Every structure is written in structure tokens, then in C-alpha cells.
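Trainee: The structure's right below; bear with me while I get my questions together.
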Amino acid sequence: MKVTLNIRRFNPEKDEKPYRKDYEIDVPETFRILDCLDKVKWDIDGELAYRRSCSHGICGSDAMMINGKNMLACQVLVKDFKKKYITIDPIPSLPVIKDLIVNMDSFFKKYEVVKPYLISKEQPPVKERLQSQADRELIDEAVNCILCGACSASCPSLWSNENYLGPAAMLKAYRFIFDSRDDAADERLDIVDTTDGLWRCHTIFNCVEVCPKEINLTWHISQMKKKCAMREL
Amino acid sequence: MSLQNSTSKFNRWLDVMFRYRKHTGSWAWILHRFTGIGLTLYILVHIIALTGLLKGEAAFNEEMKLFSSPVFLFAEWFLGILVMFHAINGIRIVLVDLGNGARYHKQILVFVYILTVILVAGMGYLIFAHV
Ligand code: SF4
Ligand code: FES
């Protein structure tokens with residue numbers, strides 16, 4: 001099957017400005033976009049740069065904007081696309097290091113801001129910390145995040161304001177706020193209960209559309225909005 | 001340099017805003033934004049129009065006659081579309097933010113569109129049935 005990849009290229013050492021380039025390749029229809037990129041890199045242009053590691057939707061390193069939508073290149077097949085002219089860009093709003101590789105520093109800084117670790121005021125138990133099944137269900141979805149950044153980079157609120165925490169960081173806040181074993185819910189709510197936190201979410205649902213783990217981020221954010229509103233009453 | 005930086009940043013923002021794939025939720029957001037901006041501008045127009053009151057009854061009535069011309073009736077109807085969509089989608093947003101609506105936002109949006117069409121049609125009837 002003939003496929004054309006239209007890729008946004010930028011090498012800061014050589015190029016003054018980013019430019020787009022077409023690559024025509026012949027691949028089986030069961031090829032993933034990641035395989036197509038590999039083919040371009042291995043057979044046509046060894047300079048093409050992109051991140052990938054597990055190539056099975058686990059590590060979250062190959063999020064990119066494919067045909068105008070963020071997704072993991074290792075999770076979509078060529079045959080999923082009707083038109084065989086496929087555009088590939090780095091995920092939006094993050095500084096480009098080279099080609100499809102973006103600098104994720106700000107993404108991870110925001111992640112650290114919400115204290116993404118267990119804070120317990122209790123004496124550590126001898127064995128594991130127990131949790132009821134019902135309590136665990138509350139965080140069933142939230143624990144699945146692989147930190148690919150597709151959601152935060154798809155958010156118009158974040159494109160327009162780089163201080164916005166973004167859905168991924170706030171999902172992590174939810175993951176601990178609603179964890180029965182954690183004791184720092186209020187501390188974390190204070191962090192997200194700001195104009196650059198929860199309240200900059202305008203329920204656009206771009207993040208929900210792109211999450212490769214099918215996490216409904218907006219729902220999780222709304223649960224924290226509710227909690228914050230309840231605190232004020 | 002910094003100016004160049006910010007223009008290239010702005011260009012990328014614009015590029016992404018236009019090229020990023022739209023879907024149910026983002027269309028609702030875009031419509032909500034534009035109807036919101038429209039209504040804000042309308043308030044200005046509304047206040048300016050009402051200044052006729054300061055010039056006495058006759059002047060005001062004269063002005064009001066202008067507003068009952070067909071063109072303005074249409075404009076009013078159009079305004080109704082903005083108000084209806086903005087108000088009803090506002091309820092959807094409240095359901096999403098403070099209820100469980102985030103799980104059903106697409107279904108709720110269908111209701112929002114249907115309700116908007118019905119109310120706007122009804123409003124059109126009320127406006128034009130008496131012309
Ligand atoms: S919530 Fe989903 S889209 Fe966002 S970083 Fe986690 S896995 Fe990626
Ligand atoms: S390469 Fe690991 S998620 Fe795609």
C-alpha cells in the first residue's frame with residue numbers, strides 16, 4: 001500500500017525555520033505509523049528524529065500529532081486512515097528540540113507540582129497498605145496514565161496559557177486526592193484550586209478524545225471541581 | 001529577537017488552532033465562545049441604543065420604530081439564537097462541571113442543539129407571526 005507521510009522537520013543546527021517534507025513509502029496496511037517512521041528513517045532519511053521505546057503503547061514516548069490529532073504512533077495502523085496522505089507534527093505547545101521530539105520539561109515540572117507520590121501521616125504498616133475494592137475503583141482509571149503528554153498538548157487552554165497545569169498533572173492530583181491511603185488531599189486541592197489549575201479547564205474534551213488509555217480526564221477534573229466547590233460551602 | 005520569537009510562537013498557536021482536529025466537544029466550546037463574545041458586544045449596542053431615552057419620549061419612540069423594521073427583526077431573531085445556545089449550553093457545562101455530565105457530554109450536546117432549534121423556531125414564530 002502506497003502511503004505518503006508529510007512530516008514537519010526542524011533541525012536547529014541547520015534549519016532556520018521548520019519546513020514540511022513528503023515521504024512516499026510502500027508498506028503493508030497492517031503497519032503502524034511508528035513502523036512507517038522507522039521505514040523512513042532506516043531506508044530514506046536517517047536524520048529524521050522521533051522518540052520511541054516500547055513500541056507497544058506502554059512507555060508513552062511517541063505521542064505526536066497525526067492528521068491533526070495527538071496519538072501514539074505505535075497505536076494506529078495505516079489502514080485506520082482513509083486518506084493515505086498523513087501529516088505528522090510534534091505535539092503542540094511544547095518547544096521542539098528536533099523534528100518530532102519536543103522538550104517535555106514543563107510537562108514534568110507541572111506533574112511534580114501536584115506531589116505525585118503517596119503522603120501518609122500514619123506509621124508505615126508492616127505489610128502492604130490495604131484498600132477496599134470500592135475505594136480502589138475510584139482510582140481505577142486514573143492509575144492507568146502513561147504520561148505520554150498527548151492530553152495536555154491537545155488542550156487549547158494550555159496552548160493559550162503555558163502556566164496552565166494541564167489535564168495530565170491534574171489527573172495525577174486526582175489519583176492521590178481520591179486514594180483512601182493518602183492523607184494530603186487538602187494540600188493537593190489547594191494546589192489545583194487556582195485559575196491556572198482546575199478552573200482553566202473549559203471542558204473542551206480534547207484531552208478525552210486523545211488519551212490512548214481512554215481515560216476521561218474531564219470527568220476526573222470535574223470531580224475535583226466539585227470537591228473544591230463543596231469545601232467553600 | 002524576542003519579537004521574532006513571539007511572532008513565531010503566535011504563528012504556531014494559530015496554525016495549531018486551525019489545524020487541530022475539531023470534534024463534538026471542541027465545536028461546542030467554539031460556539032460557546034463566539035456566542036459569548038457576540039452577546040457581550042450586543043450589550044454595548046443595547047446600551048448605546050437606549051441612550052435615546054435621554055432625549056425624551058418622542059426621540060425614543062422614533063428610534064424604536066427603526067427597530068421594528070424587518071431587518072432589525074431578523075437581527076433580533078439572530079440574537080435569539082446566540083442567547084438560546086449560550087444559555088442552554090451553559091446548563092450543559094454546569095452538568096459537566098458539577099454533575100456527572102463529563103461521561104455523557106455528547107448526548108447532552110445533542111439535546112442542547114435540539115432544544116436550541118426548537119426554541120429559536122418558536123421565537124421566530126412569535127416575532128414574525130405578527131408582522
Ligand atoms: S492521561 Fe492519557 S493522554 Fe494524558 S498523559 Fe496520561 S495516558 Fe497520556
Ligand atoms: S513507543 Fe512506547 S508508547 Fe509508543
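Trainee: Set Lys and Arg Cβ to +1 and Asp and Glu Cβ to -1, take the dipole of the stretch A:54-145 about its Cα centre, and tell me which of A:Y117, A:S132, A:S93 lies farthest positive.
Mentor: Ranked along the dipole, the leading option is A:S93.
Trainee: Leaving out ligands, DNA and RNA, what percent of the accessible area of chain A is carbon and sulfur, probe 1.4 Å?
Mentor: In chain A, the share of accessible area belonging to carbon and sulfur is 50 percent.
Trainee: Starting from the stretch A:123-216, pick out the trypsin sites (Lys or Arg not before Pro) whose DSSP state is loop and whose Cβ has at most 11 other Cβ atoms within 10 Å.
Mentor: Within the stretch A:123-216, the qualifying trypsin sites (Lys or Arg not before Pro) (loop, at most 11 other Cβ atoms within 10 Å) are A:K127.
Trainee: Still on this model: Can you list, largest first and rounded to whole Å, the semi-axes you get for the stretch A:112-233 by taking the square root of 5 times each eigenvalue of its Cα gyration tensor?
Mentor: Equivalent ellipsoid semi-axes, largest first: 25, 16, 13 Å.
Trainee: Now a separate question. Given the convex hull over the Cα atoms of the stretch B:2-109, what projected area results after averaging over all orientations, in nm²?
Mentor: Answer in nm², one decimal: 11.5.
Trainee: Lysines near A:K83 by alpha-carbon distance under 24 Å, same-chain residues fewer than 8 away left out - which ones?
Mentor: A:K2, A:K21, A:K39, A:K41, A:K69, B:K22
Trainee: Out of the chymotrypsin sites (Phe, Trp or Tyr not before Pro) in the stretch A:116-170, which ones are loop residues according to DSSP with at most 13 other C-beta atoms within 10 Å?
Mentor: Here the sparse-neighbourhood loop sites are A:Y117.
Trainee: Hey, another quick one. Restrict the search to the stretch A:1-44; then list the trypsin sites (Lys or Arg not before Pro) that DSSP places in a loop and that have at most 15 other Cβ atoms within 10 Å of their Cβ.
Mentor: A:K14
Trainee: Size of the protein assembly as shown along its principal axes in angstrom, Cα-based, largest extent first?
Mentor: Each principal axis gives a Cα extent; for the protein assembly as shown these are 80, 60, 44 Å.
Trainee: For A:K109, give me every one of the lysines with a C-alpha distance below 17 angstrom, ignoring sequence neighbours fewer than eight places off in its own chain.
Mentor: A:K109 reaches A:K172.
Trainee: Check the straight Cα-Cα distances from B:K9 and name the lysines below 19 Å, setting aside those fewer than 8 residues away within the same chain.
Mentor: A:K17, A:K98
Trainee: May I ask you to rank A:I215, B:I127, A:I58 by accessible area, largest first, using a 1.4 Å probe over the protein chains only?
Mentor: A:I58, B:I127, A:I215
The values are calculated or read from the model by the stated rules, or taken from the named source; none is laboratory data. Source: prediction; values computed, not measured. Note that each Cβ is placed from the backbone with ideal geometry, even for glycine, and that neighbours are counted across all protein chains shown. These area figures cover heavy atoms from the full protein model, side chains too; ligands, DNA and RNA do not enter into them. Shrake-Rupley method; radii C 1.70, N 1.55, O 1.52, S 1.80 Å.
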